[in-house]
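Below you'll find the structure, written out as structure tokens, and then a few comments.
The values are calculated or read from the model by the stated rules, or taken from the named source; none is laboratory data. Since we're looking at a predicted model, the values are computed, not measured. Methodologically, a virtual Cβ is constructed for each residue, glycine included, from the backbone with ideal geometry; neighbour enumeration extends over all protein chains shown. In case anyone asks, the SASA skips ligands and DNA or RNA and just uses the protein heavy atoms, side chains included. Shrake-Rupley method; radii C 1.70, N 1.55, O 1.52, S 1.80 Å.
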Amino acid sequence: MDGSFILPAIILVPLIGAILTLFMGGEKQKYARIVAFVFTLITLGLTAIIMLGGDDLSQFDFSANWIDSAGLKMGLLFTVDGLSILMVFLTAVLEVIVVAFSYKEGDRPNYFFTLLLAIEVGLMGVYTAADYFLFYIMWEITLIPMYFLISWYGGPRRHYSAIKFFIYTHVASLVMLIGIFALAFQAAEINGGVVDFSFAAITQASPFFNEVFQTLVFGLLFFGFAVKMPAVPFHTWLPDAHTEAPTAGSVLLAGVMLKMGSYGIIRVCIENLELGAQNWQSIMIFMGLLAMIYGAYACIAQRDLKKMVAYSSISHMGLVMVSMGCLTTTGIEFAIFQMFAHGLISAMLFMVCGMAGHNIGTREIPLLGGMAGKMPIYATFMMFAFMASLGLPGLIGFWGEFGIVYAFYDWCVDNDVIYLLVFCLLSLLLTAGYYLFAMQRTLFGRLTKKIDLTHVHDVDKIEAICLGVLALLVVLYGVWPELALTMINLYSFPGVI
């Protein structure tokens, strides 16, 4: 056992919190939200120590033997670098936000907050694991509580959506596991026979993987990660899951769980399979452009606010796919930045969409209208979130989209395919169109008479604080993007051309 205990602690703290809230039945249920909030706050504090710890992130590395016998080696290895640190911070922030935002949850609150904390355990494990088998276990840990969160606390079609979510993502993760085993066994032949699942052992052997092996294994791993992003045509589970999930589930799903896919593509595929990445580059670019256009176009046809935002996530994650597909330092850098930016913005989007259902009584766009006069604070946050997502300068979304377009432009010029830039720009125009259209129909115009407005109420203090914190971060990183880029630059970009 060696290294700092902070990284294991950010996994153990929410795990302890999950166990405590699980057994807070009966009269103790009303205290589950307080316990959950305290434990997520502690985790955020530990994450802040990492964020403020300086440029040498290796000081937080942790290693301990797990299995080391019969030619098999697995370790409890945890690390953080420029690729993962913003995802760790984002997870910690959003967990605090969703626990506070869900303070009104009255249906078996102890189980509800247990599931939220269990998801945090898995997410922190995925983003800090430095052993592939540990990475896979943590990956699976995120799926199970999210399945129950949708199935127990979701909308009318929650059981269908939960099963669809689990089947898609679990099958994809099994394919990913085959790719991980292929990497480990191939690396063992090169390194001397010991099947070592550590990141370091496989990275050491990766330059000696032949091109055919890299291309085939890249395909297996890419499929597993692309389903999670999700990339078109593997996206159909996402709109259903978002529409039926409770607000807290949608925030975590869009904010940090989708990023597991793009994180895996960079961390596993591009880092270790450079030749495979080059052979799959055209497919990555094509799938990214397809997701951008399809997702944005589908948004225009949606009647449900939440489903519209779900399709917008597909479009914005398409931007990330295109940026990764460039296989350049700039492309990878702004793919990571966009992952972080979309995490903050999508959290705000799903919170305001969830509040439409709770505070107004419907999320149906045609039934709404004139809500700005009835709910001025709500309207302000909705407009802010929409503007951030469409890339308004001065907000964090602008820098992610600007950097990706810049990276893609360079790639198009180098490969003499400048005409492809039209698809990227078309996606940005469609994004502005569907957000402004939805905002006009929902917030402005005559006050709707299609629904009962008797019980409509504006955001309360806790909801306003939660949205305000996210808005502050969106502005902070929008005005000062170097705060995020400095952290990202701590990551050395391997496997880029």
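Taking the criterion of being out of contact with any Cys (no Cβ under 7 Å at 6 or more places or on another chain), free of Cβ contacts under 8 Å to residues at least 12 places away in the same chain, outside any loop (DSSP other than H, G, I, E, B) and exposed (fewer than 13 other Cβ atoms within 10 Å of the Cβ), the residues of segment 400-425 that qualify are Val413, Asp414, Tyr419, Val422. No other residue among Leu115, Leu143 is open to solvent by 10 Å² or more (accessible area, probe 1.4 Å) and assigned to a helix (DSSP H, G or I) apart from Leu115. Screening the candidates Gly261, Gly325 for the property of being touching a Lys or Arg at 6+ places or on another chain (Cβ under 6 Å) and crowded, with 24+ Cβ neighbours inside 10 Å yields one hit, Gly261. Scanning segment 18-25 for any residue that is surrounded by 21 or more Cβ atoms within 10 Å (Cβ to Cβ), part of a helix (DSSP H, G or I), within 26 Å of the chain's Cα centre (by Cα) and not aromatic (Phe, Trp, Tyr) turns up at least one such residue. Note on segment 39-92: residues that are among the β-branched types (Val, Ile, Thr), open to solvent by 20 Å² or more (accessible area, probe 1.4 Å) and not in a loop (DSSP other than H, G, I, E, B) total 3. Selection of segment 426-458 for residues being open to solvent by 80 Å² or more (accessible area, probe 1.4 Å) and either at pLDDT 85 or above or basic (Lys, Arg) (or both) yields Leu429, Leu436, Phe437, Gln440, Phe444, Arg446, Lys449, Lys450. You will find that of Asn191, Asn210, the residue that is over 30 Å from Arg363 (Cβ atoms), polar (S, T, N, Q), modelled with pLDDT under 90 and surrounded by fewer than 18 Cβ atoms within 10 Å (Cβ to Cβ) is Asn191 and no other.
Can you tell me which residue is farthest from Gly468 (Cα to Cα) among those in segment 384-399 that are of a type in the set (A, V, I, L, M) and surrounded by 18 or more Cβ atoms within 10 Å (Cβ to Cβ)? Result: Leu390.
For segment 223-241, filtering for residues that are open to solvent by 10 Å² or more (accessible area, probe 1.4 Å) and of a type in the set (Phe, Trp, Tyr) leaves 2.
In segment 484-497, the residue that is most open to solvent (accessible area, probe 1.4 Å) out of those that are in a helix (DSSP H, G or I) and more than 15 Å from Gly343 (Cβ to Cβ) is Thr486. The C-beta contact set for segment 272-296 (first residue under 18 Å from Phe225 (Cβ atoms), second residue of a type in the set (Gly, Ala, Ser) and in a loop (DSSP other than H, G, I, E, B), distance under 6 angstrom, 6+ apart or interchain) comprises Glu274/Gly495; Ala277/Gly495; Met287/Ala231; Ala291/Ala231. The single condition from (1) among the aliphatic types (A, V, I, L, M); (2) more than 22 Å from the chain's Cα centre (by Cα); (3) under 25 Å from Leu258 (Cα atoms) that Ile345 fails is (2).
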